[in-house]
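Okay, so here's the structure we're looking at.
The values are calculated or read from the model by the stated rules, or taken from the named source; none is laboratory data. These numbers were taken from a predicted model, which means no experiment stands behind them. All Cβ positions, even for glycine, are placed from backbone atoms using ideal geometry, and neighbour counts span all protein chains on display.
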Amino acid sequence: MVNKTTSISEALGESEAFLDFQSRLAQVAPVERPVLLIGERGTGKELAARRLHYLSRRWDGPFVTLNCATLSASLIEAELFGHEKGAFTGAETQRAGRFETADGGTLFLDEIGIIPIPVQEKILRVVEYGAFERVGGSKPIEVDVRIVGATNENLAAMAERNEFKRDLLDRLSFEVLFLPPLRVRSEDIMLLAEHFAARMAFELGYEEVPAFSVRAVGLLKRYPWKGNVRELKNVVERAVYQSEGQIIDHIVFDPFVSPYPFEPLTSEAPSPRAEKIDEPETEPIHHDQSFKESIRQYEIRLVRSALERARFNQRKAADLLQLTYDQFRGLLRKHQEEL
């Protein structure tokens, strides 16, 4: 069970995109109508749904969740509406579904686009009439439930392809809110990173929270964050536990990159360690700067190019430049303010 105080406290941000979303969320929260949350993976759709619930008049009622992606099509109906004893093989007792459990509160349906059409028809009946029957039953059960759906799919396009029931979509889309991805919230990256670092340091029993080096800050800000806030949380927590001393300088973005380059058994294929980094685009020679300065700028461009190609994995970047890990780390320290 997720603690509501902890969850809501993680809704952090000061970017215009984040504040605009939170404002729209707060505006629709008191209105007793369904809401659809659209967002990429890791943007915090369930977190937004919880905040909407606790800002609504239903805040003291139940907040019930169902991740439709975790269930087979045959089980979703029973999970939502419950079943009577003997309704199917294995139904030895009567069981209440999520709609009954959420009576007087909010039902959050994550990955709502996966729900089969026949089940969507029963959900439509609940939205329209506030009643349904359990699987294997015939007695109407009345409930008062607010539905909040979430997906990263284009439900309108699915409705055009008859993959989602248009009538249900019309009734669920009283308000449609799009969660901003982290790539448009650049001002929030370090705010969130420091928050996750503090929580991880507390969990590990550290006396002080490690600080991010100038180079680490630059790496975090330049990374594309395709996994959004969830990916940022994982990366930061990993960096905190791997940190030495009070400074976080080493960031592992992709933990699946092996530190041991593959060496082919035959001599036909070149070794990855021998693979050379593409040289940065040629820039015009400036004769008004010293030879030493020209070499320094070229080193910076090579290191930056290697990091980007290696997705900021330092060991792989060192291999691309045919340097030892210590040599590469020395270059990073040397040019950390420009990288």
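A quick yes/no check of all residues on (1) in contact with a strand residue (DSSP E or B) (Cβ under 8 Å, 6 or more places away or on another chain); (2) in contact (Cβ under 8 Å) with a residue 40 or more places away in the chain; (3) in the same structural domain as residue 74 (by TED's automatic domain parsing):
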position: 124; (1), (2), (3): no, yes, yes
position: 130; (1), (2), (3): yes, no, yes
position: 134; (1), (2), (3): yes, yes, yes
position: 138; (1), (2), (3): no, no, yes
position: 149; (1), (2), (3): yes, yes, yes
position: 160; (1), (2), (3): no, no, yes
position: 168; (1), (2), (3): no, yes, yes
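Given the criteria in contact with a Gly (Cβ under 8 Å, 6 or more places away or on another chain), outside the structural domain of residue 106 (by TED's automatic domain parsing), surrounded by 14 or more Cβ atoms within 10 Å (Cβ to Cβ) and under 30 Å from residue 60 (Cβ atoms), does residue 192 qualify? Talk me through it step by step, then tell me what you get.
Working: in contact with a Gly (Cβ under 8 Å, 6 or more places away or on another chain): yes; outside the structural domain of residue 106 (by TED's automatic domain parsing): yes; surrounded by 14 or more Cβ atoms within 10 Å (Cβ to Cβ): yes; under 30 Å from residue 60 (Cβ atoms): yes.
Yes.
Hey, any hits in region 209-223 for a residue that's within 14 Å of the chain's Cα centre (by Cα), more than 30 Å from residue 115 (Cβ to Cβ) and not charged (D, E, K, R)? First the steps, then the outcome.
Quick first cut of region 209-223, residues within 14 Å of the chain's Cα centre (by Cα) only: none.
Checked region 209-223: no residue is within 14 Å of the chain's Cα centre (by Cα), more than 30 Å from residue 115 (Cβ to Cβ) and not charged (D, E, K, R).
Give just the number: which of (1) touching a residue at least 60 places away in the same chain (Cβ under 8 Å); (2) in a helix (DSSP H, G or I) does residue 50 not satisfy?
In the conditions (1) touching a residue at least 60 places away in the same chain (Cβ under 8 Å); (2) in a helix (DSSP H, G or I), residue 50 misses (1) alone.
Looking only at region 32-53, count every residue that is of a type in the set (D, E, K, R) and more than 15 Å from residue 175 (Cα to Cα) and tell me the total.
Residues in region 32-53 being of a type in the set (D, E, K, R) and more than 15 Å from residue 175 (Cα to Cα): 5 in total.
Kindly indicate whether residue 71 is in contact with a helix residue (DSSP H, G or I) (Cβ under 7 Å, 6 or more places away or on another chain) and either farther than 30 Å from residue 231 by Cα or in contact (Cβ under 8 Å) with a residue 60 or more places away in the chain (or both). Step through it out loud before you land on a result.
Numbers: in contact with a helix residue (DSSP H, G or I) (Cβ under 7 Å, 6 or more places away or on another chain): yes; either farther than 30 Å from residue 231 by Cα or in contact (Cβ under 8 Å) with a residue 60 or more places away in the chain (or both): no.
So residue 71 fails the test.
What about residue 101, is it under 22 Å from residue 65 (Cβ atoms) and out of contact with any helix residue (DSSP H, G or I) (no Cβ under 7 Å at 6 or more places or on another chain)? Even if it seems obvious, please write down each step before you answer.
Numbers: under 22 Å from residue 65 (Cβ atoms): yes; out of contact with any helix residue (DSSP H, G or I) (no Cβ under 7 Å at 6 or more places or on another chain): yes.
Judged against the criteria, residue 101 is a match.
Do you know which residues across region 130-147 are out of contact with any Gly (no Cβ under 7 Å at 6 or more places or on another chain), modelled with pLDDT of 95 or more and over 21 Å from residue 75 (Cβ atoms)?
146 - this is the single residue of region 130-147 that is out of contact with any Gly (no Cβ under 7 Å at 6 or more places or on another chain), modelled with pLDDT of 95 or more and over 21 Å from residue 75 (Cβ atoms).
Would it be correct to say that residue 78 is at pLDDT below 95, buried (at least 17 other Cβ atoms within 10 Å of the Cβ) and of a type in the set (A, V, I, L, M, F, W, C)? Outline the logic, then answer.
Working: at pLDDT below 95: yes; buried (at least 17 other Cβ atoms within 10 Å of the Cβ): yes; of a type in the set (A, V, I, L, M, F, W, C): yes.
Against the criterion (at pLDDT below 95, buried (at least 17 other Cβ atoms within 10 Å of the Cβ) and of a type in the set (A, V, I, L, M, F, W, C)), residue 78 qualifies.
Out of all the residues in region 124-145, is one or more basic (Lys, Arg) and surrounded by 17 or more Cβ atoms within 10 Å (Cβ to Cβ)? Reasoning before the result, please.
First pass over region 124-145, keeping only residues basic (Lys, Arg): 125, 134, 139.
Right, trim to surrounded by 17 or more Cβ atoms within 10 Å (Cβ to Cβ) and you get 134.
Yes: region 124-145 contains one or more residues that are basic (Lys, Arg) and surrounded by 17 or more Cβ atoms within 10 Å (Cβ to Cβ).
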